[in-house]
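Shown next, in structure tokens, is the structure this report addresses.
Here, each number is a calculation from the coordinates, and none is a lab measurement. Fair warning: this is a prediction, and the values are worked out from it, not measured in the lab. So basically every Cβ, Gly included, is an ideal-geometry build from the backbone, and we count neighbours across all protein chains shown.
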Amino acid sequence: MATAAHTFDSKSSAGMPLRTVYLANGGVALALAACGSDMPHIVHWGREMGDPSASRGLYDALHPQRVSGNLDITPFPSIMPIQSEAWSGKSRFVIRSQGTELFCKFDVTSFTADHAGRFVDEVSRQARTLAGFGDDELRSAQVQSGTYPDQAAVPHAVVVARDSEQGVELVWEIQVLDSGLVRQKAEVRNIGKLEGGAPLSVQAVELGFPVPPAASEIMTATGHHLRERSPQRHALVKGRFEKNSVMGRPDFDASLLMSAGTRGFGFEEGEIWSVHVGWSGNSTLSVDSTPFSLPVLGGGELLLGGEVELKASEGYTTPWVYGSYGRGLNEVARRFHRTLRQLHPNLRSKPRPVIRNTWEAVYFDHSFDTLKKLADAAQSCGVERFVVDDGWFGSRRDDTSGLGDWQVSEDVWPEGLRPLADYVRSRGMEFGLWFEPEMVNPDSRVARAHPDWVLSPTPGRRAVQGRSQQVLDLTNPAALSYIFHAMDSIVSEAGVSYIKWDHNKLVSEAVSRHSGTPAVHNQTLAVYAIIEALKLRHPGLEIESCSSGGGRVDMGILAFCDRIWASDCVDPVERATIQQYTALLVPPEMIGEHIGASPAHSTRRATSLPMRAITSLFGHLGVEWDLNAVGQDQLDELSSWIALYKNMRPLIAEGSLVQSDTNDASVCVDGIVSADRSRGYFRFIQVSTSPNYPAAPVCLPGLDPDGSYRVYPLAASRDLSGTGNGEGPLYWWTPQGVTLSAQSLTNYGIRPPQLHPAQAVIFAAEKV
């Protein structure tokens, strides 16, 4: 897999100067072509080309003819399709001056390519100010934080284009990362030519990738709280399809990816082109298909009116829009996983500590004795990180008051949190703490003292309330400073090494009383700044993005956070699908997967401990269970599952997650395979009853096609009594297992046990 950044200058068939740029990395190539001063076109996105110089012919090969009944220019979407290029789809670049829409015609002034693209974005000015670091201290703090890689460079291309008459400049960049991910962003600048020095109002900058005619089917996801990321498919037809997140964050209904692929594509089959918007505020994913051009797949930030007003010399930069190409969804996902692992080297250097979260054990009922007993039980089972959830601060004895008052409650913790934190550490565990920094209860000291710190549509009317919460205006410098310094102080005083960062209320009617304008854009940047500043100030601090469970899962927040909470639902039956499609973006070691109680608090469904444990193993394991109410036999069994996880976690942190295609919707089959493909763990989950009886063979993807493997059940799943109604033996289900070729395991499969619904087993494959 070559790394390349080539520039070829030639002439088109029409005799015009033609510049072609070819970028390659991670087994993926992207080619751009610009004729004269026109904007470049993406003319290739897929596997590397054998001869990069052959990319010079792509412009002529793909350029459309003029046709009757159309404009003199036939649409050939550039990197920024606009009406001056005859684009007839929805406007993807919308800017206004004094309420009047501007129709730009860009002329390229610079089009360059090299290997000097920055993989890691610069620390924001806000984060630097909060952290209090100068330039000389900044890089040292990044390295010490343990979550920032070296400043690796990647192949990229940069285009600078202007509409000089209307005073608009566009600076566009595209990169091909080591993983093969392609990402692009753009900056819109007001170059100060508007009449009377009028500001430039940015309404939309939606970036995209053209996809070839082979893409005939679209997959996105829908969902709601406790049932996030449920896949949905439909044909790619003429018109526009979009999935929007407009509640201040990627919500439960948000689609992590929008994927276009060949008909019937799956985890292992089909060519797929997927996009993702790396942004934690309002956003859209879309595909536009017209009769005149290839479909354009992409997305961007959704801006509210007045959010981005550019004075002369000011600019607005879009979020990164990511594109992942692959053969099957497994390859698409691996590119995201590799990139996130590069961003967080600590996930490999430090084994992911088993977590004990207190929420479903005690809710708001805190006391030193209760939590001390929980800590003892957790430690005895092998837990390595103890996290105190909601209820430790202010008047927060339920969810109606105290949120925003980030001072330890003297009523509950008269000596502060330090005694508990010290006790937890004395038991060999890290100490973690829950915050919800962006929200506030109206019944709180902060809200009463600073009503102007609350986002609200008018001074006299609050936004629609949710869970007795409003949203704190972090675009107000005073509120931002209060939150950061309160968190910084508590982290220091209690020795907090892990923050569970929650975000429960949907952000609606989000107007800042400080600026008088909508605030989602700057609110999102402020959240990033607080998180980054905290991590710079406290080396080794880890932060989890938990947004009512499965909200706010995106590459923007994951650039800073070390883990996400996939869903508030820990029912393993529901989790099977939730985790499967969360993993299209997030590597397993960054997905919080907890063993909960039975029956589950969210669904009241009763399940066995093996089922709850096995569905939690391929992730960052935790416990969400009142261990004070559990008998010793169950504690012993839980300990054995935690021990198994610890044995598996080096492979989980570095291996490839693979999902198996199956025609049976009642089963789920996935695995973790080592980088060298010498071994792997697989699990078979019987979600519901099946039309197949006994269970049909399942295929094991990700193995070395030239190898042979011994496949055998792990000891924890060897005893099938009580798990199903298979009345005879499963011949290979023995300690010795069976040895088969990878071709056989991949193409024809192996027969799993016949299980009752809501049961699971785990087995291994070792190369021989």
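Some observations on this one:
- Available extension along the chain between Asp706 and Glu509 is 65.1 nm, counting 0.36 nm per residue and deducting the alpha carbon span.
- The range 89-343: C-alpha gyration tensor shape, a/c 1.5 cut-off, then a/b vs b/c: oblate
- Column: log10 I(q)/I(0), Debye, Cα scatterers of the range 253-294, q = 0.24, 0.28, 0.30, 0.34 Å⁻¹: -0.94, -1.03, -1.07, -1.18
- Separation of the range 47-114 from the range 644-665 is 42 Å, based on Cα centroids.
- Ordering of 290-296, 528-534 by burial proxy (mean other Cβ atoms within 10 Å per residue, highest first): 528-534, 290-296
- The shape of the range 327-479 comes out oblate: with a ≥ b ≥ c from the C-alpha gyration tensor, a/c is at least 1.5 while a/b does not beat b/c.
- Antiparallel DSSP beta bridges within the chain, as percent of all bridges there, nearest 5: 85 percent
- Principal axis extents of the C-alpha atoms in the range 580-716 (largest first, rounded to whole Å): 50, 37, 31.
- Cα-based reach from Lys535 at 29 Å (exclusive), listing lysines while leaving out same-chain residues under 8 positions away: Lys185, Lys350, Lys372, Lys500, Lys505, Lys646
- Only Lys, Arg, Asp and Glu carry charge here, each on its Cβ (+1 for the first two, -1 for the last two); on that basis the range 89-343 has a dipole of about 580 debye about its Cα centre.
- Within a straight-line Cα-Cα reach of under 17 Å, Lys243 can be paired with the following aspartates and glutamates, leaving aside sequence neighbours fewer than 8 residues apart in one chain: Glu206, Glu217, Glu228, Asp251, Asp253, Asp288, Glu301, Asp554.
- Taking a Cβ cut-off of under 12 Å around Val711, the surrounding Lys, Arg, Asp and Glu residues balance to a net charge of +3, with basic ones at +1 and acidic ones at -1.
- Square roots of five times the Cα gyration tensor eigenvalues for the chain, Å: 43, 36, 22
- Whole-number percent relative contact order across the range 348-656, with pairs defined as alpha carbons under 8 Å at least 6 apart: 18 percent
- Computed [θ] at 222 nm, deg cm²/dmol, the chain (DSSP H ≥ 4; -39,500 (n - 2.57); rounded to nearest 500): -6000 deg cm²/dmol
- The peptide list 157-170, 308-321, 105-118, put in order of mean Cβ contacts within 10 Å with the highest first, becomes 157-170, 308-321, 105-118.
- Shape analysis of the range 102-248 places it in the oblate category; the axes a ≥ b ≥ c from the Cα gyration tensor give an a/c of at least 1.5, with a/b not above b/c.
- For the peptides 715-727, 326-338, residues were scored by their other Cβ atoms within 10 Å and the scores averaged per peptide; the highest-first order is 326-338, 715-727.
- Near the amide H of Gly192, within less than 5 Å, lie the amide hydrogens of Ser313, all on another chain or at least 5 residues away, with H placed in the peptide plane.
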